[in-house]
1. Just to verify a number: FRET efficiency for B:A14 and B:V76, C-beta to C-beta distance, R0 = 30 Å, to 0.05?
2. Indicate the gyration tensor shape class of the protein assembly as shown (rounded, prolate or oblate), computed on the Cα atoms with a ≥ b ≥ c the square roots of the eigenvalues: a/c under 1.5 is rounded; otherwise a/b larger than b/c is prolate and the rest oblate.
3. As a check on your grasp of the helix formula, calculate [θ] at 222 nm for the protein assembly as shown: sum -39500 (n - 2.57) over DSSP H runs of n ≥ 4, divide by the residue count, round to the nearest 500.
4. Provide a whole-number value for the mean count of partner chain Cβ atoms within 10 Å of the Cβ atoms in peptide B:76-84.
5. Where does each of A:D106, A:D97, A:D33, B:D68 land when they are ranked from fewest to most other beta-carbon atoms within 10 angstrom?
6. To make sure I understand, if each residue's beta carbon is the centre and we count other beta carbons within 10 Å, what order do B:T35, A:T10 fall in, fewest to most?
7. When a/c is below 1.5 the answer is rounded, else prolate if a/b is larger than b/c, else oblate, so apply that to the range A:2-93 with a ≥ b ≥ c taken from the square roots of the Cα gyration tensor eigenvalues.
8. List every DSSP H helix in chain A whose Cα atoms extend 15 Å or more along the helix's own long axis and whose mean Kyte-Doolittle hydropathy is at least 1.6.
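Please treat every number below as a calculation from the coordinates, not as lab data. Quantities reported herein were computed from a predicted structural model and do not represent experimental measurements. Counting neighbours? That spans all protein chains shown, and the Cβs are built from the backbone with ideal geometry, glycine included.
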Amino acid sequence: MMDYLVAAITAALLIAGAFFTLAAAIGLVRLPDLYMRMHSASKAGTVGSGLLLLAAGLYSQDLAILARAIAGFVFFLLTAPVSAHLLARAAHHSGYDLAALSVRDDMPDR
Amino acid sequence: MITPAAIVAVASSAALVILGLALILTVWRVVAGPTLPDRILALDMLTGVAIGFIAVIAVKTGFSLYIDIAISLGLVGFLATVAFARFVLSRGNIKSPPSATAAKGGGNKRRAGGKTR
């Protein structure tokens, strides 16, 4: 019975993570602007790969491996905003403009 | 009787198919992305998709050492994105991105708004 529970949770996590990653990829293609694409790539993409990693840790049924997978997920959650913010700041600073449908830009001009 | 291994096998195969679709879309953005930061962002996302692939393969084969490989790939991807961002910053101000008229229109609108504010 325990095996069925672990298998069901693992399967649900696998499908959910894959769909989060697919949503991030669709957003990366469909959104009009670097600064909007960043939303999908760094939020949904992180959650997608983190859920898949969590599924792999849970399926092993070993506490050490599960702890390693959770540590990896936390590491991705910590680093994704840093890299996204750094890239957005660099792009805005070096003059890549917002899309035409953006209504305001709160950062002052260079 | 459906065994737990069969459930996980079906789910991991479906996850591999969905991740393959996501990989194709992300590679399309790497190839087509009009500016350099778009391509850097898509490469960052590509690292995330590769981590997902490695995790699904870890489930599919039952070989849990793949998780360590995924964590180290995430570390390398983070460092690569930071280095690319520093590169974009150090390249200086580029006032005419090679994209089409949409970005240019946005730039003019933003500059006009900046004057009135």
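1. 0.60
2. Prolate, because a/c is 1.5 or more and a/b exceeds b/c.
3. Calculated from helices alone, the mean residue ellipticity at 222 nm is -27000 deg cm²/dmol.
4. Mean number of neighbouring Cβ atoms from other chains: 4.
5. Ascending number of Cβ neighbours within 10 Å: A:D106, B:D68, A:D33, A:D97.
6. B:T35, A:T10
7. Note, shape of the range A:2-93 comes out oblate.
8. Once both thresholds are applied, what remains is A:2-30.
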